[in-house]
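Read-outs: derived from the displayed coordinates by stated rules, not from any lab. Keep in mind the model is a prediction, meaning the values are calculated, not measured. Because the Cβ atoms are built from the backbone with ideal geometry, glycine has one as well, and the counts that use them run over all protein chains shown.
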Amino acid sequence: MLGNLAKTASIATAALAMVGGVMLATRAAAAADRRRRAAVAEEPRLCVVSGGSRGIGRAIAKGLVAFSPRWNVVVTASTAESAARAAEEIAAECDADGRVFGFACDVTDDTHVAALASFVADSFGRCDVLVNNAGVMTEILTDSVVDLDLDAVRRSIAVNTVGAMALTRQKAPISILGYRVSKAALNRFTTGLARELTNLAPGGDVVANAVCPGFINTDMTACFADIGRVSSKTPAVGAITPLYLATLPSSPDIPNGKFFAELEEIPW
Ligand SMILES: NC(=O)c1ccc[n+]([C@@H]2O[C@H](COP(=O)([O-])OP(=O)(O)OC[C@H]3O[C@@H](n4cnc5c(N)ncnc54)[C@H](OP(=O)(O)O)[C@@H]3O)[C@@H](O)[C@H]2O)c1
């Protein structure tokens, strides 16, 4: 019994010692963490705000400069004049001389984007935050999607989507996002079109739906063979759901603005 108690006590002591050890280690780690945080807090930080010459981008740039003296901000705009003016004004408003830089970067121009990346690398050697804010709204919101100005659409996608991807690509590797993004946009076009068509032709006379055919063996997917992905599904399989939708009789219950795969409605 005594032996057992002694054993229990020694196990308890050992356990306490261990807990104490963990506590010591935890305290040491916390102190190290505090030291690391303090060091990081003193390190200069760099943020690039695309489209920082006015509006929300400018407010983000200004907010960061005002937040802490360790933040440096590069504001970009499509012209050197507007970028430089914004940088000067933000620096003056925040009393932040030498911390705000203007740089001309039309996000639709690859040479501008590459020049911005070189400027950031050469001048700062880091970019802690990239704010993909540059954007345009090229159409009037009341425009009908069935009466699209295609040049306006191309411009929107070039600036708002591809522009953001071009800047991001300088910082992080992105692979086949382009295809997926283009299809996501097509889905959004389908829901907008469906709404328009309901207004134009109530009662399901004209509808718009989207279909994901799945991974089908066609010329498009032949390149996947290189990474060992080959589909056994023929183009005829991919055609099943589109054929089903195309041949639905007109009725008030006909699907409109929906997304389908393998004959079933799926979430967007
Ligand atoms: N305002 C809203 O209610 C709202 C709502 C949702 C989302 N957003 C998004 O928030 C972002 C900022 O909007 P905002 O309202 O602040 O717009 P804004 O006042 O019109 O500012 C747009 C900024 O983007 C820049 N820009 C436009 N085209 C460019 C290009 N090709 N290359 C580089 N920069 C370009 C503009 O600079 P330059 O013209 O000088 O080049 C400007 O600095 C946009 O992405 C917008 O889609 C806004």
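Numerical summary
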item: Residues whose placed amide H lies under 5 Å from that of PHE101, excluding near-sequence neighbours; result: VAL73, VAL74, VAL75
item: Under 12 Å, Cβ to Cβ, from ASP128 - net charge with Lys/Arg +1 and Asp/Glu -1; result: +3
item: Likely footprinting exposure, THR198, THR190, fewest C-beta neighbours within 10 Å first; result: THR198, THR190
item: Spin-label model distance (nm) - ALA92 vs PHE119, 7 Å beyond Cα toward Cβ; result: 2.0 nm
item: Other-chain or far-sequence residues with amide H under 5 Å of ARG70's (modelled H); result: none
item: Sequence of LEU243, LEU64, LEU197 once ranked by neighbouring C-beta atoms within 10 Å, starting from the fewest; result: LEU243, LEU197, LEU64
item: Integer Hz, Karplus 6.51/-1.76/1.60 couplings in order for segment 185-194, x for Gly and Pro; result: 5, 5, 4, 5, 4, 5, 5, x, 4, 4
item: Cβ-Cβ FRET estimate between ALA66 and ALA31, R0 fixed at 30 Å, reported to 0.05; result: 0.45
item: Eligible aspartates and glutamates near LYS171 by straight Cα distance, threshold 16 Å, same-chain separation 8 or greater; result: ASP110, ASP122, ASP128
item: Residues with amide H under 5 Å from that of VAL211, placed H, sequence gap 5 or more; result: PHE260
item: Sequence of LEU193, LEU177 once ranked by neighbouring C-beta atoms within 10 Å, starting from the fewest; result: LEU177, LEU193
item: Formal net charge of residues neighbouring ASN187 (Cβ-Cβ distance under 11 Å; K, R +1; D, E -1); result: +4
item: Net charge over other residues, Cβ less than 14 angstrom from the Cβ of GLY238 (K, R count +1; D, E count -1); result: -1
item: Interatomic Cα distance distribution for segment 74-162, bins of 5 angstrom, percent; result: 3, 13, 18, 20, 17, 11, 8, 6, 3, 1, 0
item: J(HN,Hα) series, segment 75-80, from Karplus relation 6.51 cos²θ - 1.76 cosθ + 1.60, nearest Hz, glycine and proline x; result: 9, 10, 8, 6, 10, 5
item: Shape of segment 143-268, Cα gyration tensor, a/c cut at 1.5; result: oblate
item: P(r) tail fraction, segment 200-266 - alpha-carbon pairs more than 18 Å apart, %; result: 47 percent
